[in-house]
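First the structure, in the form of structure tokens, and then the observations on it.
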Amino acid sequence: MAERTKLYEGKAKVLFATDDPHVLVQYFKDDATAFNGVKKGSIHDKGVINNKITERLMTILSAVGIPVHFLERISEREQKIRRVEIVPVELVVRNRVAGSMAKRLGREEGEPLSRPVVEFYYKSDPLDDPLITLDHIEVFGWASTAEIAWIQQTALRINDVLLGYFASIGIHLIDYKLEFGRLSQNPATLVLADEISPDTCRLWDMKTGKRLDKDRFRRDLGDVAEAYHEVAFRMGLMNSPGM
């Protein structure tokens, strides 16, 4: 990794400045965390795989008119992105019951939902990213009514695209997290930011139900790196499903 000015380091990625104040380099790490950093570890080549998967999915979404912060992948672990101010509200789009929804509502994991459910969470590690309502977002000024309406509508468009894509490679898209940001060059413009990868999605094999995502790390299921490789292989990003 070339010497650059580090602007921010998170649990899974590092952001670096470039000569353009409105463009950053996003570096993907192999570090793995769960439960907002309580559980820590490392997954072999996770950064390489997530970089390539994010590139592919962001490119697909951009091609159908979804504005994204992704510009180009520049190395195995790095990509250029548009600089944004992240909206402090995370979205989770759910197509089936899993994770915290199953626990909160006492439902069976894997239960199909009659329509996608979009949940909002306040982006705060110290508060464990609490579930919030649209009223909270408005009252505390995290985003305007118009911004949230656009974000919710865009999330459902993204869902239509990703559901079909993953189904085409034999994977159920159970749920996933999205983040949006305001462009530094034009704060009135919102774009999809962060990443889309097995770190941020629940992905289950359609035939076997095998989990191919970070739940294998969260729940000590084993074969974590192999699962990430399998997703990348099915996407045509690796020559074999093995490591």
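No lab work stands behind these numbers, since they all come straight from the coordinates. Note that this is a predicted model, so its numbers are computed, not measured. Cβ: placed from backbone, ideal geometry, glycine included. Neighbour counts: every protein chain shown.
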### Message
Once you keep just the Cα pairs under 8 angstrom separated by 6 or more residues, what percentage relative contact order results for the chain?
### Response
18
### Task
Can you tell me which of 92-101, 142-151 comes out highest on packing, and rank the rest after it, using the mean Cβ neighbours within 10 Å?
92-101, 142-151
## Note on the structure
So the number of lysine pairs in segment 6-84 with alpha-carbon atoms under 15 angstrom apart, 8 or more residues apart or on different chains, is 15
### Query
Given only helices, namely DSSP H runs of n ≥ 4 each adding -39500 (n - 2.57), what is the per-residue ellipticity at 222 nm of the chain, to the nearest 500 deg cm²/dmol?
-9000 deg cm²/dmol
### Task
Compute the label zone of TRP150 within segment 51-71: residues whose backbone N is under 14 Å from the point 7 Å along Cα-to-Cβ.
66-69
### Summary
Under 12 Å by backbone N from the virtual spin label 7 Å along Cα-to-Cβ at ILE60, the residues of segment 155-179 are 158-173
### Task
Quick one: Debye curve from the alpha-carbon atoms of the chain only, equal weights, vacuum; give me log10 I(q)/I(0) at q = 0.13 Å⁻¹ to two decimals.
-0.81
